[in-house]
Amino acid sequence: MLDRSKIVGSPVSRIDGPLKVTGAAKYAAEHFEPGMLFGHVALATIAAGRILAIDTRAAERLQGVVKIYTHENRPKAAYRDSKWKDAVALPGHPFRPLENDRVLFDGQPVAFVVAETPEAARDAAGLIHVHYAAETPNTHIVAEQHNSYEPPVARMKQFLPPPPRGDAEAAFAAAPHKVSADYVLPGEHHNPMELFAATVRFEDEGRLTIQDKTQGSQNSRDYVCGVFGLDPDKVIVKNDFVGGAFGQALRPKHHLFLAVMASLDLSRSMKVEMTRREMFYLSWRPSCVQTVSLAADDEGYLQAVLHHAVHTTSRHEDYQENVANWSGLAYKCDNVKISYELVKLDLATPGDMRAPGAASGVAALETAMDELACEVGIDPLELRVRNFVHRDQNQDKAITSKALHACYREGAERFGWVARSPTPRSMRDGNDLVGWGMAGGIWEAMMSKGEAKVRLSADGHVTVSAAASDIGTGTYTILGQLAAEVFDCPIDAVTVDIGRSNLPKTGVEGGSWTAATTGSAVQAAAKAVVKTLLGHAQSMENSPLAEASEEQVEISEGRLVLEANHQVGTAIADIMAAAGLDAVEEQAKVGPDILSMRRYAAYSHSAVFVEVKIDEELGVVRVTRVVSAVAAGRILNAKTARSQILGGVVMGIGMALHEEGLIDHRTGRIMNHNLAEYHVPAHADIHDIDVIFVEEQDQRASPIGVKGLGEIGIVGVAAAVSNAIFHATGKRIRNLPITIDKILESEAVQ
Amino acid sequence: MRYIRPSSLEDAVGLLANASGKAAILAGGSDLLVRMKGGFIEPDVIIDIKAIDALGRIIENDDGFVIGAAVPCAVLGENTALRNAWPGVVEGARLIGSKQVQGRCTIVGNLCNASPAADSVPALVAAGARALVRGPAGSRTIAVETIPVGPGKTSLAPGEIIEAILLDKRQRHSGDAYQRFTPRTEMDIAVVSAAVNLTLNDQGVVEKARVALGAAAPTVLLVEEAADILVGSRVDDGALERLAEACSAACRPIDDKRGTVEFRKKVAGVLAKRVALTAYQRAGQK
């Protein structure tokens, strides 16, 4: 049915686009309630220690201040950790705002002001004086890496290293070609456009309606209900529009807790919006130290892969992401040893940030592959082609699909890779050194459990509903397209109702699984509607579809018809009229195919080609061209899909060249907690980015054949940029970001 | 805090002179409001000069250009005569912040903010621009390089306000240019910057030169010894090398996150060479 593909796959503009560009789309902080109060958080100015005293007198005297909360007067909340654990919580103890006098990280909330205006709340927060007994913080991963440990409780089973295979150390020692190096990545900080915010409407009978900036309205609802002991039927969380989140809004943050706490305590509606600065203290990509050792024979076939990764976590939780396991499955190798450890530092708990783990681990692996190509003396693309593997050796499973050869081929052709001169420093454009580098990318193609409801009205209008979130990725649009496809209607005949906790159950939007999950649920529910319609049609007298099975019919131009002969059928309006119905509605539930998952692993893949031009006198790097060739199964919307990859590439360029949380390790405080000092690429830094989606059929990864696109765009980009810089300059820089000082200070290899 | 929006310069000067407590002038606000928001300053009186008509205009007269203190930098770029006469000055003004910021910010604000890294100041200094200053004691005209005296500090007396920037009428065979170095291509603060303004004779030999460096010392530097190297030359390779050396030697920069002393000295020389060549090409075309 879906192979007709009139709508699915085509570059449909976002159906929520007009609302967004006209300002009609309201975000969490843009909702107002009569008589509402406003909250502002006072932040800790030490990274470790205890609060001795909090002087709130001056703040309380400020006009408009209603109440100031500290750990000394915070209303009671749940006692057990289990009540504080949200759907994506980590092993360890979840952070509890204003719980006690303990300071665990710079920027921790230490007081919360509620006032009649946001200005009064903010000013009052500035008048609060906190006296601390500060302790010496440890925030330097390189200095503390010897204190690393294996996580005692796994966040997810697939984050644990696979068992070693072969004898990696012996194979490494015996191989004729080898490289081994340390790669250091700084902490990176999320900076989506939209700040964390919650607007809580306090209603009669203890009902709350909360507008929250979250990647999962049901997750926020369940968290609030768990922490405050509320009835889930009395709490609705909405996230109609989310201004970017990238994983930061997977877990509920303290703004939500504080807003609900004050609302319940004061019986008033409340709003809390974080400052840009506060965004730097929450769910960041952890600083990470990796050692990657690769060995190959004279033809470049991998003989040994060793990857050891250590990254930061907080004192109170064991944040984990899959950093190193990619090295065991990206290429064919029979001698593999992977290890993964954490180090506790006096910093806020890290969190998922676009392609968590892969962005870091593949950056190291793919730089090491480039180094190995130089060592063996073959083209870096050819090295990868030779080590291609169509099996997940980590799990000893088949791969559902892997059109990576097509990525290599089409990407290289579009980029013009064949014209690359292999010697570093051998390509120039005027005064600029030119470098061409490439890298591979990989991400798990996941699907979770999810539900959706589809309603077809007699007038042909379709409503799709699920508690899914559109975090800027285009979820509204692709769900509309999938429904329009089944019902053969224009997309503007479809209303997509998502972003609300009292809609059919959906997990958080993250991990690139929403299209596969909610998309499949929508398709299943739409097909269920067609099946129900067929039943009603067959109840009609002399039905032309009397003998038809559900596989034999489809909807065409407002009629239920035989797929093989559109002349045979009945108008939907007539079917519903005969059945005495205004509409047909069905709900469907989908989930990963457990049997298939036992035998198969599913991944999306990419090949990224990068050109840099470097002004050697100044050390300035410009990324002048990027070609990203992606194999991610079926592409539902060519336009929003391309946008996902563009965004991933830009973020990868930022990772390579700019992004770095700078900590004053004497105080443990983040120094560049603003967008003036924490650099991401500006528009003028971004030149040509070409996105290719290679053909890939995959009915195992998900029922609708998609693998997800949110993460794959960033994976490998930093390595490709780094490899291009090496090709341009002969300088191998293994600690990101590759800033000018590092380029000027390092020596070119001979 | 009081916010006042006078409609005449006299009123603005009077308000400023008679203000009790700390007074601040608001034009584009791209520095003032940011500093207020950050809690660095809390003025008692804010005098918004955008309603004073005379300050919002660029006037071209027989002597050159008069750029009002409230003219946004973006407007400089839309003035064809100014752009043709003083392309380096306009280049500097149009590198400040983003397009949105340029729609608000002013070169006078940039000057009075007195940042050593101010983008519009080196080109103004190289251009020999003067500031028309109005104060309780009357008007005076002073060279722009005498206004900033250190980071965040100016030589303006209490109650004084800059009314306009004056740029000379352009002579034949003249050209100027400005470049800055930033790690990011835009939305960044100059690590080092350089401006050169040249006037050639009919044979293409430099007759007059002014060289200014930004972010290389507590204030924008006018490097006379570098200018002397260019005078009498055709901006050949030898002159450029000596220019670079002179500029590197003149720098008194600091080490910070954006660059080291050594790096800033090197970049000052590289940029000076590049802008001197551009200025020379521009001068030759007129």
Check your understanding: Does the range A:159-181 contain at least one residue that is farther than 30 Å from A:E299 by Cα and surrounded by fewer than 21 Cβ atoms within 10 Å (Cβ to Cβ)?
Key -> yes
**OP:** Scan the range A:339-358 and give yes if some residue there is charged (D, E, K, R), under 24 Å from A:A173 (Cβ atoms), assigned by TED's automatic domain parsing to the domain that holds A:G708 and part of a helix (DSSP H, G or I), otherwise no.
**Re:** no
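Name the residues in the range A:584-602 that are among the acidic types (D, E) and surrounded by fewer than 19 Cβ atoms within 10 Å (Cβ to Cβ), would you? Lay out the reasoning, then the answer.
The first filter runs over the range A:584-602 and keeps only residues among the acidic types (D, E), leaving A:585-586, A:593.
Within the range A:584-602, A:E585, A:D593 meet the criteria.
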Every listed condition ((1) among the hydrophobic types (A, V, I, L, M, F, W, C); (2) farther than 30 Å from A:L365 by Cβ; (3) without any contact (Cβ under 8 Å) to a residue 60 or more places away in the chain) holds for A:A309 save (2)
Residues of the range A:656-673 being away from chain B (no Cβ under 14 Å) and outside any loop (DSSP other than H, G, I, E, B), in sequence order, are A:R669
Residue hits (the range A:398-423; in contact with a strand residue (DSSP E or B) (Cβ under 8 Å, 6 or more places away or on another chain) and either surrounded by fewer than 17 Cβ atoms within 10 Å (Cβ to Cβ) or over 29 Å from A:K157 (Cα atoms) (or both)) are A:A398, A:A406, A:C407, A:Y408, A:E410, A:G411, A:A412, A:R414, A:F415, A:W417, A:R420
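The rows are residues; the columns are (1) in contact (Cβ under 8 Å) with a residue 60 or more places away in the chain; (2) more than 14 Å from chain A (Cβ to nearest Cβ); (3) touching an Asp or Glu at 6+ places or on another chain (Cβ under 8 Å).
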position: B:A239; (1), (2), (3): no, yes, no
position: B:L243; (1), (2), (3): no, yes, no
position: B:I254; (1), (2), (3): no, yes, no
position: B:R264; (1), (2), (3): yes, no, no
position: B:V275; (1), (2), (3): yes, no, no
position: B:Q281; (1), (2), (3): yes, yes, no
position: B:G284; (1), (2), (3): yes, yes, no
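For the structure I just gave you, tell me whether A:R598 is within 14 Å of chain B (Cβ to nearest Cβ) and under 29 Å from A:R384 (Cα atoms).
On the way: within 14 Å of chain B (Cβ to nearest Cβ): no; under 29 Å from A:R384 (Cα atoms): yes.
Considered against the rule, which asks whether it is within 14 Å of chain B (Cβ to nearest Cβ) and under 29 Å from A:R384 (Cα atoms), A:R598 comes out as no.
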Pairs returned, first residue in the range A:1-30 that is more than 15 Å from A:V494 (Cβ to Cβ) and of a type in the set (S, T, Y), second residue that is modelled with pLDDT of 95 or more and assigned to a loop (DSSP other than H, G, I, E, B), beta-carbon separation under 8 angstrom, 6 or more apart or interchain, are A:Y27/A:E194; A:Y27/A:K213; A:Y27/A:F241; A:Y27/A:V242; A:Y27/A:G243
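Has the range A:105-112 got any residue that is more than 28 Å from A:L258 (Cβ to Cβ), at pLDDT 95 or above and away from every other protein chain (no Cβ under 14 Å)? Show your work before the answer.
Of all residues in the range A:105-112, those more than 28 Å from A:L258 (Cβ to Cβ) come to none.
Looking for residues that are more than 28 Å from A:L258 (Cβ to Cβ), at pLDDT 95 or above and away from every other protein chain (no Cβ under 14 Å), one finds none in the range A:105-112, hence no.
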Counted residues in the range A:567-618 being of a type in the set (G, A, S) and part of a strand (DSSP E or B) come to 8
Within the range A:282-313, of all residues that are touching a strand residue (DSSP E or B) at 6+ places or on another chain (Cβ under 7 Å) and hydroxyl-bearing (S, T, Y), the one surrounded by the fewest Cβ atoms within 10 Å (Cβ to Cβ) is A:T291
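Take the residues in the range A:601-623 that are away from chain B (no Cβ under 14 Å) and of a type in the set (V, I, T), then tell me which one is nearest to the chain's Cα centre (by Cα).
If we filter the range A:601-623 for residues that are away from chain B (no Cβ under 14 Å), which is where we start, we get A:601-611.
From what is left, the residues that are of a type in the set (V, I, T) are A:608, A:610.
Details: A:V608: 19, A:V610: 23 Å.
My answer is A:V608.
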Result of the Cβ filter at 6 Å on the range A:718-746, keeping first residues that are within 14 Å of another protein chain (Cβ to nearest Cβ) and on the phi < 0 side of the Ramachandran plot and partners that are at pLDDT below 95 and surrounded by fewer than 24 Cβ atoms within 10 Å (Cβ to Cβ), at least 6 apart or interchain, is A:I740/A:G619; A:I740/B:P183; A:I743/A:G619; A:L744/A:G619
Within the bounds of the range A:348-368, is there any residue that is surrounded by fewer than 24 Cβ atoms within 10 Å (Cβ to Cβ), farther than 23 Å from A:V715 by Cα and at pLDDT 95 or above? no
In the range A:204-219, residues that are touching a Lys or Arg at 6+ places or on another chain (Cβ under 9 Å) and assigned to a helix (DSSP H, G or I) total 5
Residues of the range B:19-64 being over 22 Å from the mean Cα position of the chain (by Cα), among the small types (G, A, S) and outside any loop (DSSP other than H, G, I, E, B), in sequence order, are B:A23
Among strands (runs of 3 or more DSSP E) completely within the range A:227-320, the ones holding 2 or more residues that are touching a Ser or Thr at 6+ places or on another chain (Cβ under 8 Å) and outside the structural domain of A:F112 (by TED's automatic domain parsing) are A:288-296, A:302-313
Heads up, the strands (runs of 3 or more DSSP E) in the range B:110-195 (entirely inside) with at least 2 residues that are away from chain A (no Cβ under 14 Å) and closer than 21 Å to B:L82 by Cβ are B:130-135, B:138-143, B:161-168, B:174-181
Going through the range B:1-52 in order, the residues found to be charged (D, E, K, R) and within 14 Å of chain A (Cβ to nearest Cβ) are B:D31, B:R35, B:K37, B:E42
Expected single match for within 23 Å of the chain's Cα centre (by Cα), β-branched (V, I, T) and more than 14 Å from every other protein chain (Cβ to nearest Cβ) among A:V680, A:V694 is A:V694
Review point. Any residue at all in the range A:637-653 that is buried (at least 24 other Cβ atoms within 10 Å of the Cβ), of a type outside the set (K, R), within 20 Å of the chain's Cα centre (by Cα) and within 14 Å of chain B (Cβ to nearest Cβ)?
Key: yes
Quiz item: Do we have B:V231 as free of Cβ contacts under 8 Å to residues at least 40 places away in the same chain, farther than 22 Å from A:N431 by Cβ, away from chain A (no Cβ under 13 Å) and more than 21 Å from the chain's Cα centre (by Cα) here?
Solution: yes
Just one listed residue, out of A:D574, A:D497, A:D582, is out of contact with any Cys (no Cβ under 6 Å at 6 or more places or on another chain) and under 30 Å from A:W443 (Cβ atoms), and it is A:D497
message: For the range B:264-281, check the following and say yes or no: at least one residue is loosely packed, with under 15 Cβ neighbours inside 10 Å, of a type outside the set (A, V, I, L, M, F, W, C) and farther than 20 Å from B:G175 by Cβ.
response: no
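The values are calculated or read from the model by the stated rules, or taken from the named source; none is laboratory data. Fair warning: this is a prediction, and the values are worked out from it, not measured in the lab. So basically every Cβ, Gly included, is an ideal-geometry build from the backbone, and we count neighbours across all protein chains shown.
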